[in-house]
Protein chains: 2
Amino acid sequence: MSAQLADALRAQIATMEPDSQLPTEADLVARYGVSRTTVRRALGDLVDEGLLVRRQGAGTFVAHRRIVHPLDRLRPFVSIFAGSGEQPEGRLLRYEWVDEPVLPSAQSPVSGALLVRRLYMIDDEPQVVADIAVPDPFGQRVSRAEIEQHPVYQVLREQLGLTPAYGRITLSSQAASDDLAPALGLPEGHPLLVLRRTTLDSGDRLLEHATYYLRPDRFELQLTVDAAGMEKVAYDFGEPGAALVLVPPA
Amino acid sequence: MSAQLADALRAQIATMEPDSQLPTEADLVARYGVSRTTVRRALGDLVDEGLLVRRQGAGTFVAHRRIVHPLDRLRPFVSIFAGSGEQPEGRLLRYEWVDEPVLPSAQSPVSGALLVRRLYMIDDEPQVVADIAVPDPFGQRVSRAEIEQHPVYQVLREQLGLTPAYGRITLSSQAASDDLAPALGLPEGHPLLVLRRTTLDSGDRLLEHATYYLRPDRFELQLTVDAAGMEKVAYDFGEPGAALVLVPPA
């Protein structure tokens, strides 16, 4: 029952403006003919999803829309804010050279890297922490002033004459650690959406590796994928030891 | 310091087998010449990332590899397990017809839908909860036995003669709610990686909408994106009110 109510409310919320107030629990009980427990559970699910926010003593409100960022091609990360019309502030939290490999062992071996941590803010509210590693030999040529002022792709291009050709992106989720949580204004353990990106040039040289820790109430990532070439699946969940068969189209 | 140690340990872990034990904190203090606080913090970060697991009284161990799933094209979800060599068990937790719209209002209006919840297990360990909605008029033609036994794409194709053409995928993260957490064997509030998928056919008919709640210690999603057509970025983080300029290539 609560899942159905959540579905109905989700459709309604989609038509409402951010910061508008939801009817009270009692109103929802009356309107949908369900129990108070059902209403509470549905509202709780929508708060968990980040569609609603509770404000102490004031009620339940429609949350600000998440920024939806397309993953269809490689983009400068800062373009995530372009669609929202927001101009992010970037605050450098770290600028450090390390003399050890900091990149996954599968990558080309590097002897050291420049490590940069940048905090993205909108209206003084933290949005994203980015840990950027620019490996040897490129990182040595990036000054603090350049990376403090400009996005890493701009620095790679304009200062170092490097052209990103493609990126490998990995998406995951993790709990905010005790150094990320305060930077992002979240309680420790709060879910984070994590985007790891490795950027290479057309000669497969590793240009940078970045990890973006995104507030999940602010961002979601989107892509459209084609079914062309989709395997046909044949599988039987009910049969113990069933083989998972995926047949590519002829 | 702890970030550097975490980087060094990350490289080392990449060469180790799952379930192998890490040196003790004291060993790491001695080996890396850092403080115990630094060691604890670095290990804590790697536990948060899901690379390490702590076992009470036994020590710290290399976690099982996450299943890495490519997002390059539309695939039957169950194919996420194909690369791992695992044969997932699927357990139907819900099979219900609802007479209300359950899909985002932007979609074609539907008057009702079949709602299915499936729990994916490997060796009796929960991995993923999937909430699948098959809208009117297609959902009415899906029997409980069919969807209990087979992946939804197989049912759409074989039973209903429908061919997925493309999918819209959204990735986000949220805290495990009080109904998802026990199903997934996680504490309430634990981060989940969430994949929402809307599948359409070549006539833009909505075939299904599914939400997959993935254990973040078990899964990550991957794609390779091309820089062709990437905008050049010009932005100055240091300048208040700076405009974010993105110039597509000529």
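The values are calculated or read from the model by the stated rules, or taken from the named source; none is laboratory data. Since this is a predicted model, take the numbers as computed values, not measurements. Here Cβ is always computed from backbone atoms with ideal geometry, including for glycine, and neighbour counts include all displayed protein chains. These area figures cover heavy atoms from the full protein model, side chains too; ligands, DNA and RNA do not enter into them. Shrake-Rupley method; radii C 1.70, N 1.55, O 1.52, S 1.80 Å.
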Item to check | Filter result for A:Ala145 (of a type in the set (Gly, Ala, Ser), more than 9 Å from chain B (Cβ to nearest Cβ) and in a helix (DSSP H, G or I)) | outcome: no
Next on the checklist: Restricting to the stretch A:124-142, count the residues that are more than 10 Å from every other protein chain (Cβ to nearest Cβ) and open to solvent by less than 40 Å² (accessible area, probe 1.4 Å).
Outcome noted: 11
Checklist entry - Where in the stretch B:189-250 are the strands (runs of 3 or more DSSP E), entirely inside, with at least 1 residues that are within 17 Å of B:Pro70 (Cα to Cα), open to solvent by 50 Å² or more (accessible area, probe 1.4 Å) and facing chain A (nearest Cβ under 8 Å)? => result B:219-226
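Residue by residue, here is whether (1) touching a strand residue (DSSP E or B) at 6+ places or on another chain (Cβ under 9 Å); (2) among the hydrophobic types (A, V, I, L, M, F, W, C) holds:
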{"residue": "B:Val116", "(1), (2)": "yes, yes"}
{"residue": "B:Leu119", "(1), (2)": "yes, yes"}
{"residue": "B:Glu125", "(1), (2)": "no, no"}
{"residue": "B:Asp131", "(1), (2)": "yes, no"}
{"residue": "B:Gln140", "(1), (2)": "yes, no"}
{"residue": "B:Val152", "(1), (2)": "yes, yes"}
{"residue": "B:Glu158", "(1), (2)": "yes, no"}
{"residue": "B:Thr163", "(1), (2)": "yes, no"}
{"residue": "B:Leu171", "(1), (2)": "yes, yes"}
Checklist entry - Can you tell me which of B:Leu46, B:Leu92, B:Leu74 is among the hydrophobic types (A, V, I, L, M, F, W, C) and not assigned by TED's automatic domain parsing to the domain that holds B:Ala133? => result B:Leu46
Item to check | Hits in the stretch A:158-185 (condition: over 16 Å from the mean Cα position of the chain (by Cα) and either among the aliphatic types (A, V, I, L, M) or surrounded by fewer than 20 Cβ atoms within 10 Å (Cβ to Cβ) (or both)) | outcome: A:Glu158, A:Gln159, A:Leu160, A:Gly161, A:Leu162, A:Thr163, A:Ala165, A:Tyr166, A:Asp178, A:Asp179, A:Pro182
Item to check | Subset of the stretch B:148-188 [more than 9 Å from every other protein chain (Cβ to nearest Cβ), more than 25 Å from B:Arg73 (Cβ to Cβ) and assigned to a helix (DSSP H, G or I)] | outcome: B:Ala181, B:Pro182, B:Ala183, B:Leu184
